[in-house]
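The values are calculated or read from the model by the stated rules, or taken from the named source; none is laboratory data. Bear in mind that the values here come from a model prediction, so they are computed numbers and not experimental data. Cβ atoms come from the backbone with ideal geometry, glycine included; neighbour counts cover every protein chain shown.
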Amino acid sequence: MRADTLLNVASVTKTFTAALLLQLVEQGRCQLDDPAERHLPFALRHPVGHAPTLRQLLTHSASIADPAAYAASYVCGDPRQPMGHWLQAQFGAASLFHAEPPGSRHSYSNVGYGLLGFIVERLGGRSFEAQCRRAWLSPLGMHDSRVMLAGLPRHRHATPHEFIAADQQPREPRLVRGQPLPVGDGARQQPLCLYSFATISDGLLRSSAAELARNLQALLAGGILEGRRVLQAATVAQMFSDQAPHLNPRGYRQGLAWRGLGEGAWAHFGSDPGVAAAVALRPRDGRGMALLANGSRARPLLGALVTEWMAL
């Protein structure tokens, strides 16, 4: 693992999806309090409540659950159908809402960010991959970062590894790539293929610590890096502000994708089979960090490192 090693950054992708949507808000193509279904080709309305808004999708308060089909959509290689087709099939087959209406609870939702990515596609007029690269990654000099495997320098992509205890089977058998590496006491590290899943905008960006750092530099500078502006400073400030204090009984702050931690810091974490990621920044002193690991059991370690960093 080096600073330029590429890896799936899992749910850290959500911070990029939020940024792309905020660009579209700045362009006047949508507003944060628009009903999400206004920008979708299918209905998205809670059975006993209002239609969730874009802001509620961004803050995990839209009351949308992840169906069993979400886990079943993992495959080796790139996705096998467009994100919008998968989403429309899921919402057409059954209600994916929790019992409580939108705006009444905080409930983390991957499929909610899939909806946001699909809306980015529809409003931007390009695939999520193309919109992400053209509107965000390329302007910030993140030239090796991609969502799809096509065109990715494979030799620089780390192999994900899943820790498996002696009495366990691989969590995702269809993702197994090769022979496991023994680590003692019957436990092993199972190498996985480079995989994907249906809702790419919730967790499939592939990047490096070095390129994630460029993204953090732009956000810390109010949306600009090396003369290229990707967001207005006021929009960045809104991203790092508590959007739903009444839904956070444990005291943390929920921004637009980002979660507020102590000491004025904001962070987002990610984990998926064989990978773990963390990004954090502190606007008041201009500091940030990006961490990647090609083993999902590293997620608690990354959280501990972020906590230690905040205390400095």
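When segment 149-188 is filtered for residues that are out of contact with any Lys or Arg (no Cβ under 8 Å at 6 or more places or on another chain), modelled with pLDDT of 90 or more and assigned to a strand (DSSP E or B), the ones remaining, listed by number, are H161, A187, R188.
Every residue in segment 155-180 that is charged (D, E, K, R) and touching a strand residue (DSSP E or B) at 6+ places or on another chain (Cβ under 9 Å), please.
So the first thing to find is which residues in segment 155-180 are charged (D, E, K, R), and the list is 156, 162, 167, 171-172, 174, 177.
Matches in segment 155-180: R156, E162, R171, E172, R174, R177.
Per the listing A277, A290, the residue uniquely of a type in the set (A, V, I, L, M), touching a His at 6+ places or on another chain (Cβ under 9 Å) and outside any helix (DSSP H, G or I) is A277. Would you check which residues across segment 235-253 are modelled with pLDDT of 95 or more and in contact with a helix residue (DSSP H, G or I) (Cβ under 9 Å, 6 or more places away or on another chain) and list them? Within segment 235-253, T235, V236, Q238, M239, F240 meet the criteria.
Any residue at all in segment 92-108 that's in contact (Cβ under 8 Å) with a residue 24 or more places away in the chain, aromatic (F, W, Y) and over 21 Å from P41 (Cα atoms)? Taking every residue of segment 92-108 in turn, at least one turns out to be in contact (Cβ under 8 Å) with a residue 24 or more places away in the chain, aromatic (F, W, Y) and over 21 Å from P41 (Cα atoms).
Scanning segment 109-126 for residues that are surrounded by fewer than 20 Cβ atoms within 10 Å (Cβ to Cβ) and touching a residue at least 40 places away in the same chain (Cβ under 8 Å), we see that the one that is nearest to A94 (Cα to Cα) is R122.
Just to be sure I understand, how many residues within segment 189-209 are of a type in the set (F, W, Y) and either out of contact with any Phe, Trp or Tyr (no Cβ under 6 Å at 6 or more places or on another chain) or outside any loop (DSSP other than H, G, I, E, B) (or both)? Before you say what the answer is, go through the steps one by one.
Narrowing segment 189-209 to residues of a type in the set (F, W, Y): 195, 197.
Then drop every residue that is not either out of contact with any Phe, Trp or Tyr (no Cβ under 6 Å at 6 or more places or on another chain) or outside any loop (DSSP other than H, G, I, E, B) (or both), which leaves 195.
Residues flagged as of a type in the set (F, W, Y) and either out of contact with any Phe, Trp or Tyr (no Cβ under 6 Å at 6 or more places or on another chain) or outside any loop (DSSP other than H, G, I, E, B) (or both) within segment 189-209 amount to 1.
Just one of the listed residues (L305, L216, L212) is surrounded by fewer than 17 Cβ atoms within 10 Å (Cβ to Cβ), assigned to a helix (DSSP H, G or I) and of a type in the set (A, V, I, L, M), namely L305.
Checked against (1) modelled with pLDDT under 95; (2) surrounded by fewer than 17 Cβ atoms within 10 Å (Cβ to Cβ), R134 passes all but condition (1).
Please verify whether H50 is under 21 Å from A18 (Cα atoms) and surrounded by fewer than 19 Cβ atoms within 10 Å (Cβ to Cβ), treating the condition exactly as stated. No; evaluated as a whole, the condition is false for this residue. Checking the stated criteria, A19 turns out to be surrounded by 14 or more Cβ atoms within 10 Å (Cβ to Cβ), under 21 Å from the mean Cα position of the chain (by Cα) and closer than 27 Å to Y195 by Cα.
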